[in-house]
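**Q** Before I ask anything, let me first share the structure, which is written out below as structure tokens.
The values are calculated or read from the model by the stated rules, or taken from the named source; none is laboratory data. Everything numeric here is computed off the predicted structure, so don't read it as measured data. Cβ: placed from backbone, ideal geometry, glycine included. Neighbour counts: every protein chain shown. Only protein heavy atoms, including side chains, enter the accessible area calculation; ligands, DNA and RNA are left aside. Shrake-Rupley method; radii C 1.70, N 1.55, O 1.52, S 1.80 Å.
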Amino acid sequence: MSKLINTKSLFKKALKEKFAVPAFNCNNLETIKAVLSGASLYNSPVILAFSPSAITYMGLPVISAVVKAEIKDLKIPVVLHLDHSPTFELCESCIDAGFTSVMIDASSMPLSENIKVTKKVVEYANKFDVSVEAEVGRLAGIEDHVDVSQKDSIYSDPKDVTEFIKQTKCDSLAIAIGTSHGAYKFAGDAHLRFDILKKITELNPDYPFVLHGASSVPSELVKECQKLGANLQNAKGVSENLIKESIKKGITKINIDTDLRLAFYKGVKGALIEKPNAISPRDYLSKGIDEIQKVVIDKIKLLNTENKA
């Protein structure tokens, strides 16, 4: 029987065994089911991540109840995680609702304010054995409530990262080394600032770092969605080789959202086109589940979490 856990022991294992825990952003029941079924098939630990807008859409009590019901008969470690919270109050509400991990994102604030807000979240989370993720630096891109222009994005400063960890004692930290939110991550050749990551990990050995905006946006999946009517010109993600290299260099959690959205679109839109008279939601939503599960399995293999539960 599975139970919800925080990320602390999971990230220690990931650092030791050189894998990265996948954090899949969920927006509905179908995504939750697809992620959990894919992870269970390959005996992989998994993080179910919910953004503020996903929480607004589904409702906090519903998310908590559905996730707890869905994991009841599973045997894998599952983390219920709040992604990109802009406020202490939302972190508090999620912790009170049974979330086992929260991310406070005050990266748009000056470093001193980011530290102050994060410390407040850590102090509250510690009372309930909930892990806390924060962010230093700013990723470009648009996804849900996150909207940062390229000119406003900031690479993480290794010295700021070290000072931040020291003062806040947060459990993991998202850093900016060149990834971005959304389907349009790179205008030209994709590259990440591994020189920055190297400096950060040298200053903070054995600490879990997180890569946001790391969907691969596979070209074949994009083409299939385009055939079905999606307007995705020039969509480009983070290559699998870059993801593998980031794990070797110390990344222990990878966030994935866009790839799931593309897969769900492909499944549902394809089913509606193939059977235009299908009016039962189960007929076409189940195809979305199938396509998301394929992506989940691919990510588990890519991040080397197969049989790491």
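**Q** What number comes out for the charge environment of D298, summing +1 per Lys or Arg and -1 per Asp or Glu over other residues with Cβ under 14 Å away?
**A** -1
**Q** Hey, could you get me the Stokes-Einstein D for the chain, Kirkwood radius over alpha-carbon pairs, 20 °C and 1.002 mPa s, rounded to whole µm² s⁻¹?
**A** Stokes-Einstein gives a translational diffusion coefficient of 110 µm²/s.
**Q** Name the most mobile residue of A69, A125, A174, meaning the one with the largest mean-square fluctuation, in a Gaussian network model of the chain with Cα contacts below 10 Å.
**A** A69
**Q** Any idea what the alpha-carbon Rg over 2.2 N^0.38 Å comes to for region 25-99?
**A** Compactness ratio reported: 1.06.
**Q** Another question, then. Probe of 1.4 angstrom, ligands and nucleic acids ignored: what's the accessible area per residue over the chain, in square angstrom?
**A** 45
**Q** Note the full-extension length gain between N43 and K13 as 0.36 nm times their separation in residues minus their Cα-Cα distance, in nm to one decimal.
**A** Length gained, N43 through K13: 9.3 nm.
**Q** Order E224, E133, E291, most accessible first, counting only protein heavy atoms with a 1.4 angstrom probe.
**A** E224, E291, E133
**Q** Additional query: Starting from the Cα of E113, step 7 Å along the direction of its Cβ; do the same at E92; then give the gap between the two resulting points in nm.
**A** Label-label distance for E113 and E92, simple model: 1.9 nm.
**Q** Quickly work out the E202-to-E123 label distance, labels modelled 7 Å from Cα along the C-beta direction, and quote it in nm with one decimal.
**A** Those two pseudo-labels are separated by 3.6 nm.
**Q** Per DSSP H run of at least 4 residues, take -39500 (n - 2.57); add these up for the chain, divide by its residues and hand me the 222 nm value, nearest 500 deg cm²/dmol.
**A** -14500 deg cm²/dmol
**Q** S108 accessible area, nearest 10 Å², 1.4 Å probe?
**A** 80
**Q** Largest first, how would E240, E30, E274, E245 line up by accessible area (1.4 Å probe)?
**A** Order by accessible area, largest first: E274, E240, E245, E30.
**Q** Using a 1.4 angstrom probe with every protein chain in place, what is the largest-first accessible-area order of R282, R261, R138?
**A** R282, R261, R138
**Q** Where does the charge balance sit around F264 when Lys and Arg score +1, Asp and Glu -1, over other residues with C-beta under 14 Å from its C-beta?
**A** Net local charge, F264 excluded: 0.
**Q** Further, regarding this structure: Which cross-chain or sequence-distant (5 or more) residues have an amide H under 5 Å from the amide H of V21, H modelled 1.01 Å from N in plane?
**A** Result for V21 returns K253, I254.
**Q** Restricting the count to DSSP beta bridges whose residues both fall in the chain, what percent are antiparallel, rounded to a multiple of 5?
**A** 10
**Q** Now for a separate question. Ignoring ligands, DNA and RNA, please state the percent of accessible area on the chain from carbon and sulfur, probe 1.4 Å.
**A** So the carbon and sulfur contribution to the accessible surface is 52 percent.
**Q** Right, here's the next one. Ignoring everything but the protein chains, give the 1.4 Å probe accessible area of M103 in square angstrom, nearest 10.
**A** For M103, the solvent-accessible surface is approximately 0 Å².
**Q** While we're here: Would you mind checking the tilt of helix 60-70 against the longest principal axis of the Cα atoms of the chain, expressed as 0 to 90 degrees and rounded to 10?
**A** Tilt relative to the chain: about 70 degrees.
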